[in-house]
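See below for the structure under consideration.
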Amino acid sequence: MANAKSQILAHLGTTPPPEPLPEPDYTPLAFDDPLSAFARALEAAGGELRREKVDEILTNINPKGSVIDIRKSFDPEADPPAVLILAARLGVAENGAVWIDPQERYPRRWIPLAEMILIALDPAAIVATMHEAYAAIETDRIRYGVFLSGPSKTADIEQSLVLGAHGAGTLIVGLR
Amino acid sequence: MIDHAGAAAEFLGDRTRAKRHDEALWFVRQKRDAAAGSLPEWEALRSHAQRIKEHTLAHLGYYLERFETNARANGIEVYWARDAAECNAIVERLLAEEGARSIVKSKSMLTEECGLNPYLEARGYEVTDTDLGERIIQLAGDRPSHIVLPAIHLSKEEVGTVFHETMGTPEGLSDPEALTRAARRDLRGRFLCADAAITGVNFALAEEGGIVVCTNEGNADLGCAIAPLHIACMGIEKVIPSARELGVFTRLLARSATGQAITAYTSHFHAPRPGGRLAVVIVDNGRSERLRNESELLRCIRCGACMNTCPVYRRSGGHSYGSVTPGPVGSALRASADPADAGSLAFACTLCGSCDAVCPVRIPLHERLRIAREAALAAPTYAPKRRILKLAAWVVRDPRRLEWTAWLWRLADRILPGWILERLGGPWSRERTFPRPAPRRFSEMMEERNG
Ligand code: SF4
């Protein structure tokens, strides 16, 4: 298929752009109270922010199934847990998303297979928008990473929102 | 040949369905408006997205090559396909190499365009669509009618019947929550034993050498995290310079599509998982040709906003367009690629420009459709229309000719029975009343006024 590549690229040309990339000419949204904005956006996305430590949340929920907390020691060979506790690198106030980057320390599949996800987030690590989010992440070190905004959801049957389409049906963000 | 009006008439035959369809999409449009309104910089953001896409498309070869180099450095395999046939053959070869038989697939408009599912199924592979909307369509043996909401044309009762017949859910079950649970259970089993996962690509990052897939269900993440082989198929136009630009598009995509601030999952695949393979197939399939004179259309990020807002789409249903991508952008793509076959799509448009007003990358859709109309009019099918338009032009070019025609029209109105007049407009007057001539001429009235 080397042929296909050279043919396509011959059509398109491969000289580096002489002009710089287009820059934004606007000031992105900012929030006086990023934590409250984050909480509102997360709720709209079907998730929940609780202003307490993740360990307290876990005690209060008292889940039946297995729990893995990736902030502590765990067995990466273990079956996917019912409750997965993750540490978020940052949160985004405009959309309630958190950045999760496993860096292959634990299997990627734990994230979509867990029934419930608890996320520990440092309120100081909440940025306003996706512009700041991508500026803050070391994007060249990603292997697999995901912005999670609330639980898995679908509205494919007559526009009715159902949580837990495939992945976690519950996503709660607590404080670190 | 695509007959949009004919297919739309069929859709409109079921008034209840048509009304529900129209209202459901208008509701999505309103959610989009609310989401857009929540950002003061929305309009500037759209312009920025447009400029980024224009820049990337102007230097597409450069960015694709950078993407390939950086992706390879991350351990991703990269393949190139000139057309649908090459794309399908590459995918099959990769599957054969792994000895894969069962495949879980997340949504990809490109593979839909390439006809990958039927291609693989004909060769004995078991392909499971895992996006709920697409799964419904697959089980129903139907076709998607919208690029974001594939099953928008079906009622929950119809979905219930499909699930009853194919998955054995209780007869008459139509609760969306219960039906979703049933599909989840069924699909979970398929995910766990899949040999390969196929996904589309929303954005490919040239600088980082990674691909980004946006879903609400998490089905892409689930498939790729379990199966040993992940194949991602992308059109050449999906590449953007870097994650920095992604900040712009992730702000626009879901807000435009469904009114969400962002999709539930914005998943970055920048390297295969340990012990697994990740292969990206870069597909041209006519795109580099389009780049020459309608590059605007390649800016599309497949949000579906132009469909939700389109008064014709909402009232005619996605199937009436007879092609993979319906609605304004679908018509523009199809009608220009094949004016002889798809000319009617150029007329499935009121030229209201509502699509232009919502498109997150500011594609001048109604202008493209107007141009497509010119091309379509040249086709033999439109010979009568062409003649009528020519005649009309000839009439209005001369004041006296116009006067006589108006006089004739007034005379006809007096002496001919109403039913003849009502049919004069042909199909146009089926749902509209032909305008009655004014009792007095405008120039007469003016003369009188000016004394
Ligand atoms: S043409 Fe614009 S509005 Fe329509 S799907 Fe593409 S990006 Fe969205």
For B:ALA335, the lone unmet condition from (1) open to solvent by less than 10 Å² (accessible area, probe 1.4 Å); (2) aliphatic (A, V, I, L, M); (3) more than 9 Å from the ligand (Cβ to nearest atom); (4) out of contact with any Gly (no Cβ under 7 Å at 6 or more places or on another chain) is (4)
Original post:
Does the range B:283-302 contain any residue that is surrounded by 24 or more Cβ atoms within 10 Å (Cβ to Cβ) and more than 16 Å from the ligand (Cβ to nearest atom)?
Top reply: yes
In the range B:210-230, residues that are farther than 21 Å from B:ILE240 by Cβ, open to solvent by less than 10 Å² (accessible area, probe 1.4 Å) and in contact (Cβ under 8 Å) with a residue 60 or more places away in the chain total 6
With the first residue restricted to the range B:77-92 and required to be assigned by TED's automatic domain parsing to the domain that holds B:VAL281, and the second required to be at pLDDT below 95 and open to solvent by 30 Å² or more (accessible area, probe 1.4 Å), Cβ contacts under 6 Å at 6 or more apart or on different chains are B:TYR79/A:MET1; B:TRP80/A:MET1
Counting only strands (runs of 3 or more DSSP E) entirely within the range A:10-118, those with at least 3 residues that are over 20 Å from B:SER267 (Cα atoms) are A:48-53, A:67-69
Here the residues within the range B:221-248 that are of a type outside the set (Val, Ile, Thr), more than 7 Å from every other protein chain (Cβ to nearest Cβ) and more than 16 Å from A:TRP110 (Cβ to Cβ) are B:PRO228, B:LEU229, B:HIS230, B:ALA232, B:CYS233, B:MET234, B:GLY235, B:GLU237, B:LYS238, B:SER242, B:GLU245
| task | Determine whether B:ARG387 is open to solvent by less than 60 Å² (accessible area, probe 1.4 Å) and in a helix (DSSP H, G or I). | result | no
Of the listed residues (B:PHE67, B:PHE11), the one being in a helix (DSSP H, G or I), more than 30 Å from A:TYR26 (Cα to Cα), touching a residue at least 60 places away in the same chain (Cβ under 8 Å) and aromatic (Phe, Trp, Tyr) is B:PHE11
The residue that is farthest from the ligand (Cβ to nearest atom), considering only those in the range B:257-278 that are buried (at least 24 other Cβ atoms within 10 Å of the Cβ) and more than 9 Å from every other protein chain (Cβ to nearest Cβ), is B:LEU278
By residue number, the members of the range A:142-161 that are surrounded by fewer than 24 Cβ atoms within 10 Å (Cβ to Cβ) and free of Cβ contacts under 8 Å to residues at least 12 places away in the same chain are A:ALA155, A:GLU158, A:GLN159, A:SER160
*Return yes or no: is B:ALA357 open to solvent by 10 Å² or more (accessible area, probe 1.4 Å) and either touching an Asp or Glu at 6+ places or on another chain (Cβ under 6 Å) or within 16 Å of the ligand (Cβ to nearest atom) (or both)?*
yes
Selection over the range A:25-46 where residues are at the interface with chain B (Cβ under 9 Å from one of its Cβ atoms) and crowded, with 18+ Cβ neighbours inside 10 Å yields a count of 5
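The values are calculated or read from the model by the stated rules, or taken from the named source; none is laboratory data. The structure displayed is predicted, hence computed values, not measured ones. No Cβ is skipped: glycine too gets one built from the backbone with ideal geometry, and neighbour counts run over all protein chains shown. What goes into the accessible areas is simple: the full protein's heavy atoms, side chains included, and nothing from ligands, DNA or RNA. Shrake-Rupley method; radii C 1.70, N 1.55, O 1.52, S 1.80 Å.
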